[in-house]
Amino acid sequence: MPFVKRNPGAAAADKKPDSLASHFTDLGSPDEEGRWRAARALGGKVEAVSALAGALARERVPRVREAIMTALMRVGDDASILTLLPYLCSQDAGERGAAIEALQALPEAIAPFLPKLFADSDSDVRILATELARNLPAEEATRVLCALIQNEQHANVCAAAIEVLAEVGTDDAVPALQACAERFAGTAFVPFAVSITIARISKTES
Amino acid sequence: MADSESPPGAVHVTQDDVRRLCEFIYRRTGMSFNDNKRYYIDRRLSERMAATGAGSFRSYFATLRSDANHEIEHLVNAFTVNETYFYREDHQLRCMTSDLLGRIVQGKKREDPIRIWSIPCSTGEEPYSIAMWLMENWPEVDSHNIEIVGSDIDTRALNLAGAGIYGSRALMRLPRDVIDRYFARIEADQVQIDAGLRDSVQFTRANLIDASDMARYRGFDIVFCRNVLIYFDDASRRIAAENLYDCLRPGGYICLGHSETMSRISPLFGVCRFADAIVYQKPEAGHVG
């Protein structure tokens, strides 16, 4: 038969792991492969958050930026979240998308930051923040999203929150949804979305 | 408990419940179900609600969203054909021989091995299928050194893969002559794969989301990673995608399951549309991205 067999791990097993210091150095390497490897190696290391934050601010290669964001996601502490949050306002759609994905993976850690995001002056940030609520426990997601739609003036932000509530909301959201529909009665898609959402979340108890 | 919208014997679920579930499944897996599959959906939903002891759709949906006791995996299994068998999703195997390998060998010296990885390989059906498919369908098979590795996190499955013993159901997609060439009957309902093929596949343990584990695997030309990423949460999927990226050589291809798309998982890979399948490619060296 034309097949060959060898232990795929034999060569790599002999390789000595690089030191933390060398990874810090490599984060600033002119070689993108070196920066990628360094970011991957520093994933989950609390002591690397500051260096990763600096590298993220400089990095222009999308795949390396992705790896740095994943590394920060793997840490998942307040400092790493505070590093990622400003990228929700990026003018680069890829960067915004990468940040939202990384933050979505940290539902418990992101929860305390949601009220501030929902108060952001940029409606796009508020829309993106509604997605961060999707992975929260149902009661918590319902509470924060209802708080948002009670005062939110932008129809698209409300619509985004209503769409998330349609999946994760409990029937505690019904009064806030109804009030939202009344406030945006002249914006047809909001009452329509509310009616669908209320139908989904309020008839599920047998 | 049944209502006018549910099949006889089913628990009470409304059309809105079903739509909510379908949206969850779609967002999570990419599998799309709609009202015209209502009976199919209700049956599976009822089974899972009974299995979890959920008294209502609401309590079941809460269990599902929190992924208690791996309920997402159980539900996805209920909605998919999760049986593994030889030549499963053979359109990807056809794509391998009709499109991928030709491109791969163009960039290689004759003595360089073609390296193919099946992860997770479970009890071995996939890596053996790759070997048989190559023997049967690729005229150049004897002109190259081909290395096939099958890896899984489950060492019990790997032991079974190494033994190469299967029930008749695993053979259901194989042509009769292929069965005759590569299998020997050892009991009434059991066959064993040919010793030559058993010796052709290297089985190893690997964990897709463990970077240090995955660092032992590098330079693959094709990775078959089917029907596993849909079970991962967002963080694990992202980590697995980066690990797989590192395991491929530049220009190498990754084949996912039919309900998975790498574009929803990671922007690291390019999409390649071939006649038989959509596969994902690690950019060639020198390409920005």
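All of (1) surrounded by fewer than 21 Cβ atoms within 10 Å (Cβ to Cβ); (2) within 12 Å of chain A (Cβ to nearest Cβ); (3) out of contact with any Ser or Thr (no Cβ under 9 Å at 6 or more places or on another chain); (4) farther than 22 Å from B:Asn207 by Cα hold for B:Arg58 with one exception: (3). Note on segment B:66-96: residues that are of a type in the set (D, E, K, R) and either surrounded by fewer than 14 Cβ atoms within 10 Å (Cβ to Cβ) or farther than 30 Å from B:Gly251 by Cβ (or both) total 4. For segment B:80-88, the criterion of being in contact (Cβ under 8 Å) with a residue 40 or more places away in the chain, of a type in the set (D, E, K, R), away from chain A (no Cβ under 11 Å) and assigned to a helix (DSSP H, G or I) is met by no residue. Given the condition more than 11 Å from chain A (Cβ to nearest Cβ), basic (Lys, Arg) and crowded, with 20+ Cβ neighbours inside 10 Å, answer yes or no: does some residue in segment B:219-226 qualify? Yes - at least one qualifying residue is present in segment B:219-226. Note on segment A:97-165: enclosed helices (runs of 4 or more DSSP H) holding 3 or more residues that are more than 14 Å from chain B (Cβ to nearest Cβ) are A:114-118, A:123-132, A:138-151.
Taking B:Asn69, is it at positive phi and away from chain A (no Cβ under 14 Å)? Judged against the criteria, B:Asn69 is a match.
Checking each residue of segment A:67-80 against the condition of being within 25 Å of B:Arg65 (Cα to Cα) and more than 12 Å from every other protein chain (Cβ to nearest Cβ) gives at least one match. A single entry from A:Pro112, A:Pro137 fulfils the requirement of being of a type outside the set (A, V, I, L, M, F, W, C) and either buried (at least 19 other Cβ atoms within 10 Å of the Cβ) or closer than 22 Å to B:Leu64 by Cα (or both): A:Pro137. Can you pull out every residue in segment B:97-118 that is within 23 Å of B:Phe183 (Cα to Cα) and buried (at least 24 other Cβ atoms within 10 Å of the Cβ)? Within segment B:97-118, B:Ile116, B:Trp117, B:Ser118 qualify.
No lab work stands behind these numbers, since they all come straight from the coordinates. Note that the coordinates shown come from a computational prediction; the quantities given were computed from them, not determined experimentally. Methodologically, a virtual Cβ is constructed for each residue, glycine included, from the backbone with ideal geometry; neighbour enumeration extends over all protein chains shown.
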